[in-house]
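Chemist: Before I ask anything, let me first share the structure, which is written out below as structure tokens.
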Amino acid sequence: MIAVLVLVVVSVNACKTSPIGTTPASPSAGRSPAYPASGVLVLYDTTGQYGDLGELYAVQAGNLASHFGSWEALPVTKYTSGTAGKYQLTIYIGSTYDEPLPPAFLADVAAGAPVLWMGANIWQLISRYRGIGFQNATIADDRVAEIRYRGTSLTRNPAAGAMVRLTTSPGVEATTLADAVAPGGGVAPWALRVARLTYIAEVPFTYVSFDDRYLALTDLLYDLLAPSTRPRHRALVRIEDVGPHSDPAQLRAIADYLSSRKVPFAVAVFPVYDDASGVYSGGASVHKTLRTAPEVVAALRYMTARGGTLIMHGYTHGFTGAPNPYGVSAEDYEFYRAHVDPAGTVVLDGPVPDDSAEWALSRLESARTEWKAAGLDPPDIWEFPHYTASAADYRAISSAPGIRARFEQVLYFSGILSGTPRSARSVSQYFPYVVKDAYGTPVLPETLGNVATQRFNQHGVRLPADLLASARRQLVVRDNVAAFFYHPFLALEYLPTLIEGLQSMGYTFAAPHSLLDS
């Protein structure tokens, strides 16, 4: 598994209409104090060359809102008068420059409906309602690379493009919530609040990293939806890519160390290992299953006895019949096709041949059969190999009986709200708290990535100090979960630094299921 960082290339000037998309109310898992079932309304843009990005941004906003309760999404052009009054919060995502906003929406904002407005088109509100509290709005591209929020410096990739700069009216009481810091040191409001309108100067779903200003958005939602939430900082560690090929001694040593620190942990296991071309066996084809690896099974039992929770990490963590892209389990994609281009970059090609919900469920059932044959109970938490699958696969696994949650970063595709996802455009998202995402299951966070001691494909070196620096920034989210995964072939070389570093920051390690129950 390689860490996946959210990366969407679009500026404030970027960005077919989709009908309402709805997710059911979130379960008690990971929820902050409850609020009316009407929850959050997410309004999004649909016009222009990049109109489909508006829908993807709506999905990302809705996923975050699901931590607090239910949400619905609607193209802003379909807004009707008074709709915002039915919700605790309305989120509008201005991703298309000069999207024609309905007068009814502008009137409801001006009348005091609680609104979180991100990005473009605030000037339409200002021009129509001079008394709203803002004098003017301009677009400025200052190559901002830092956002300061609650005493924490968060990163921002300048490639995210221009932001909107607001000037408040004289005598208006405006609260600056976060500052954008220009390269020369000058500051301007990045997030501010006037009365019941909270404004963010961009759409913070672009060029996201683990240290990003996206974290400020995820925390601001507590102000708007659960302001009485008390600080709490939990952590998860997941031992990754364990299979029939794994070294039992390494697994036992990791379990002993984590147990000595009273750290519960997860173990991501796939039950069938294939190296058809003998990449790591001198050319001899290798096929192993858990049922033929009793020492590995014994090590897994040893791990669970010392605080480990086994989770299901696919069936083979690879693709039958061809390299995808390497031809070895744990290195290959299972639920999506991929290749390596001449520059050494892994390129996602699209769903596997004959991809369908039935196919995905057959992989799940095959995996369960192997778990049972090895004498192990199939887990109820799932992780897609390399965090990648088609929308059909995500939905199938999420709705499968016996699957309680997923533990991963997630891909979302254009058309997801209309019910006809397309693989032409997608975004990846991580969550600093438990959500119930657009695919329908609770998702446990993974927010830090993994230790990578050398560059591989497009993924750079990431050492314990980098993970710990990200975890420190993520403390800015008042009730968060910082999570990383760790490969057992690294033995104990880096794990103690990570565990003890997180504990020294005030993080408390939690078992995966405990996050679903609290």
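The values are calculated or read from the model by the stated rules, or taken from the named source; none is laboratory data. This is a predicted model, so every value here is computed, not measured. So basically every Cβ, Gly included, is an ideal-geometry build from the backbone, and we count neighbours across all protein chains shown. These area figures cover heavy atoms from the full protein model, side chains too; ligands, DNA and RNA do not enter into them. Shrake-Rupley method; radii C 1.70, N 1.55, O 1.52, S 1.80 Å.
Chemist: What ³J(HN,Hα) values, in whole Hz, does the Karplus curve 6.51 cos²θ - 1.76 cosθ + 1.60 give for the stretch 263-270 when θ = phi - 60°, with x put for Gly and Pro?
Modeler: Computed from phi, the couplings for the stretch 263-270 are 10, x, 8, 10, 10, 8, 10, 10 Hz.
Chemist: Counting only residues 5 or more places away or on other chains, whose amide H sits under 5 Å from the amide H of Ile311 once H atoms are built in the peptide plane?
Modeler: Val267, Ala268, Val269
Chemist: Apply the Karplus curve 6.51 cos²θ - 1.76 cosθ + 1.60, θ = phi - 60°, to the phi angles in the stretch 228-233 and return the couplings in whole Hz, x for Gly and Pro.
Modeler: 8, 4, 8, x, 7, 10
Chemist: Once you charge only the Cβ atoms, +1 for Lys and Arg and -1 for Asp and Glu, what is the size of the charge dipole of the chain about its Cα centre, to the nearest 20 debye?
Modeler: 1320 debye
Chemist: Please give the peptides 170-180, 339-349 ranked by average Cβ packing (other Cβ atoms within 10 Å per residue), highest first, as a rough proxy for protection.
Modeler: Descending mean neighbour count gives 170-180, 339-349.
Chemist: HN-Hα J couplings of the stretch 399-408 from phi, Karplus 6.51/-1.76/1.60, θ = phi - 60°, integer Hz, Gly and Pro as x?
Modeler: 9, 5, x, x, 9, 8, 7, 10, 10, 4
Chemist: Also: In whole percent, how big is the carbon plus sulfur part of the accessible area of the chain, probe 1.4 Å, protein atoms only?
Modeler: Within the chain, the accessible surface is 52 percent carbon and sulfur.
Chemist: Considering only lysines 8 or more places apart in sequence, or on different chains, count the pairs in the chain whose C-alpha atoms sit under 28 Å apart.
Modeler: Here the count comes out as 7.
Chemist: If you don't mind, there's one more thing I want to ask. State in Å² the accessible area per residue of the stretch 302-434; use a 1.4 Å probe, count heavy atoms of protein chains only, and round to the nearest integer. Mind dumping the intermediate values first?
Modeler: Working: 4500 Å² over 133 residues.
On a per-residue basis, 34 Å².
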